[in-house]
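Visitor: Take this structure, written in structure tokens, and hold onto it; I'll ask about it next.
Values quoted throughout were computed directly from the atomic coordinates according to the rules given, and no laboratory measurement underlies them. In this text, all values refer to a predicted model and were calculated from it rather than measured experimentally. In this analysis, Cβ positions are derived from the backbone assuming ideal geometry, glycine residues included, and neighbour counts consider all displayed protein chains.
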Amino acid sequence: MVDGRVVRLRGAAGHPTTRGQLCPKVNRFISRVYHPDRVLNPLRRTGPKGSAEFEPIGWEEALTEIATQLSDVATEHGAEAVMQFSFDGTQGVVQKGIMADRFFDALGASDIRRHLCGVTAWLGASDVTGLPFGIDPEDLQHSQTIILWGTNTLLTNRHLWPSIEAAKANGAILVVIDPIRTATAAAPEVDAFLQVRPGTDVALVLAMINVMVRDDLLDPIWLDERTSGWDELRGSAEAMPASIAAEITGIATADIEWLARTYAANQPAAIRVLVGPEHRERGRDIMRSIALLPAVSGSWRHVGGGLARSTQVYFEEALNYPTSRPPRRAFNMAALGAVLNDNSLDPPIKALVVHNSNPAVICPDQNAVVGGLQREDLLTVVLEQFMTDTARYADIVLPVTTQLEHLDLMISWGHFYLALNLPAIEPLGEALPNSEIFRRLAETMGMADPSLRASDEEMIRELLDSPHPWLDGITYERLVTDGWARLGVAPGHRPYVGANPATDDGRFHLGRLEYVPGSETRGGDPDRAARYPLTLMSRKQHIKFLNANYGGFPKHLPIEGEPLLEIHPSDAVIRNFGDGDKVAVGNHRGRLIVSARISSDVQPGLVTLPFGWWHRSSPDDRGVNALLNADVPPDGAGSAFFHENLVEVTPVAQE
């Protein structure tokens, strides 16, 4: 710090997981804080929606205008005509939304189900274990077999790699299962890369169990004492021999058999999976099937064995999260485009308040989302740090702080350490924390609930005021002094040894499992596949740029400066274009013109475009989500089917 200005940002050398290293995407976080394009004053729209034409206004005027219009909407149409939209743009527990939720609960507004990613994975694992506890990811250092299933660890979870390297040094076998030869799949530490066809993971799991049964690799006592539904699962697996699975998955029969034998016999065996495989129509089945493997093999018995997934469930169990919130009408966030354009809703959405999110970029069926945001009769308020693609359509933009400027409590998806985020500097300009904005808005609207006046410190103390033993000794004062503290989860913790799964019978639930292709796949919809014969997946693939938070900053973008369509050489040849040529990729949802990258990292029949680029990156003023499937499970719970999209790619004539 020099004269009140941050000049250096480094990881904490003493942190047991990060060990002084920052993720590359946040190495330039200081430049984000002081970026000349940062929004530092409240703004009111003066031009057409989407024009990004605004004038500065004062906080009192902005809050009064918002309060008046929200009250008018609630009076005329009902409070449910107001919609709250938020996600993980600010990932601290407090700034992510505790005060915001209190405000919208008091108002009675419509909410969204924040299921864009993670929930399907949670549900699939919970179908087996009741609650989706996993092993400490750091315990992968004790594993003798590690399967990285649909996760690009080198890129998206770099702090885990030292544990994998430690396991390799002790003789572990490292396997990557993925439809794409990612940076992780190509790493020299990897012993085997199995390039599964997109969405066929259930067939692979069934074949692995088939081999384990055939070769007598399972423990009948474990299965009898610790599981239910084994007979049904075994029957499903017996109908999927490795030879049939090979035809479905594209993985050779011998490789499937090797994988099954290695996983069952070379213990401790761990599977690392995050959210990659979940974004499909049968994503819950895929995540459930992967969670079945440690339940069947009994690998949970070993330190370094089991399923290593998000650690979020540990924090949610330990912290004193609010539990008595009133019910609110809610929509899956992936359906935003349809919801904003649906006048048959009772009531239809007349006001949208967005915080911690950029839905114009992250939601699928992007053209429908933008169409909704263009509505002149929709009041849109956006809390933001920059003029994002969503903020461009706002009526009022409110400036918010970054993590260097506010107080927060940080949980993790990848380790067991709770951290206190103390502000390093005063807020720049007129920026305010999310929490303070909703406190002031509640006061302006005359809301009397005392909880709407709680300070950020008070909310953190409430979260820590929990009887759960994992929080024993973790106080606000300790976090102020030490910065972080590990949850009281013992080293080598085995979540289902000494404790039963949180199922109704205390057993791992197995049961029938079937491979069914998704509707928008070549195996599920032959007629559509004849028109659109290629499968499109969006992916996170650049070390400094994984999501929409960084998609508008040139220093974070790949050297090409534009999103590239990766396509296999055989698919490019038959379409008569080469590397670097302009191509049109499209389907019934939209069309994009991009440059092609010919690559054997993708398999024939599969094309990819990177996720998170802002609209300005394309001459069509759209990103990959203009082409992506917004369908969600019938009950509205879980991720959209992002990775199941049929498209065609054609060359664009040079002018």
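Visitor: Taking every DSSP beta bridge that has both residues in the range 555-622, what percent is antiparallel when rounded to the nearest 5?
Guide: Bridges in the range 555-622 that DSSP calls antiparallel: roughly 65 percent.
Visitor: Let me ask something else. Taking K and R as +1 and D and E as -1, what net charge do the other residues with C-beta under 14 Å from the C-beta of Asp72 add up to?
Guide: Charge balance near Asp72 sits at -3.
Visitor: Add -39500 (n - 2.57) for each DSSP H run of 4 or more in the chain, then divide by its residues: what number comes out at 222 nm, to the nearest 500 deg cm²/dmol? Write down the numbers at each step before the final one.
Guide: On the way: 21 runs with 187 residues, N = 655.
Calculated from helices alone, the mean residue ellipticity at 222 nm is -8000 deg cm²/dmol.
Visitor: So what's the angle, to the nearest 10 degrees on a 0 to 90 scale, between helix 283-297 and the longest Cα principal axis of the chain?
Guide: 50 degrees
Visitor: Still on this structure: Using only the Cα atoms of the range 526-651, build the gyration tensor, take square roots of its eigenvalues as a ≥ b ≥ c, and label the shape rounded, prolate or oblate: rounded if a/c is under 1.5, else prolate if a/b is larger than b/c, else oblate.
Guide: Oblate, because a/c is 1.5 or more while a/b does not exceed b/c.
Visitor: I want the local charge near Val196. Using Cβ-Cβ distances under 12 Å, sum +1 for each Lys or Arg and -1 for each Asp or Glu among the other residues. Spell out each step's value before the answer.
Guide: Numbers: positive: Arg181, Arg197; negative: Asp178, Asp201, Asp255.
Overall, the nearby charge balance is -1.
Visitor: Right, next: Using R₀ = 60 Å, calculate the FRET efficiency as 1/(1 + (r/R₀)^6) where r is the Cβ-Cβ separation of Ala653 and Glu317; round to 0.05.
Guide: 0.55
Visitor: Let me ask something else about it. With a ≥ b ≥ c the root eigenvalues of the C-alpha gyration tensor of the range 120-309, is it rounded (a/c under 1.5), prolate (a/b larger than b/c) or oblate?
Guide: Rounded shape, in that the Cα axes give a/c under 1.5.
Visitor: Express the relative contact order of the chain as a whole percentage, based on alpha carbon pairs under 8 Å and six or more residues apart in sequence.
Guide: Taking the mean separation of contacting Cα pairs over the length of the chain, I get 20 percent.
Visitor: Summing Lys, Arg as +1 and Asp, Glu as -1, what charge do residues with Cβ under 10 Å from the Cβ of Glu257 carry, Glu257 excluded?
Guide: Values: positive: Arg214, Arg261; negative: Asp215, Asp255.
Value of the local net charge: 0.
Visitor: Sticking with this structure for a sec: Does the range 419-568 classify as rounded, prolate or oblate by the C-alpha gyration tensor (a ≥ b ≥ c root eigenvalues; a/c under 1.5 gives rounded; else a/b over b/c gives prolate, otherwise oblate)?
Guide: It comes out oblate by the Cα gyration axes.
Visitor: Kindly rank 512-524, 273-285 from highest to lowest mean number of other beta carbons found within 10 Å of each residue.
Guide: Result, highest mean first: 273-285, 512-524.
Visitor: Quick one: putting +1 on the C-beta of Lys and Arg, -1 on the C-beta of Asp and Glu, what dipole do you get for the range 526-651 around its Cα centre, in Debye to the nearest 20?
Guide: Using only the charged Cβ atoms, the result is roughly 280 debye.
Visitor: Here is the link list: Lys540/Lys582; Lys168/Lys555; Lys96/Lys582; Lys350/Lys582; Lys96/Lys540; Lys350/Lys540. Which ones come out longer than 30 Å on Cα distance?
Guide: Lys168/Lys555; Lys96/Lys582; Lys350/Lys582; Lys350/Lys540
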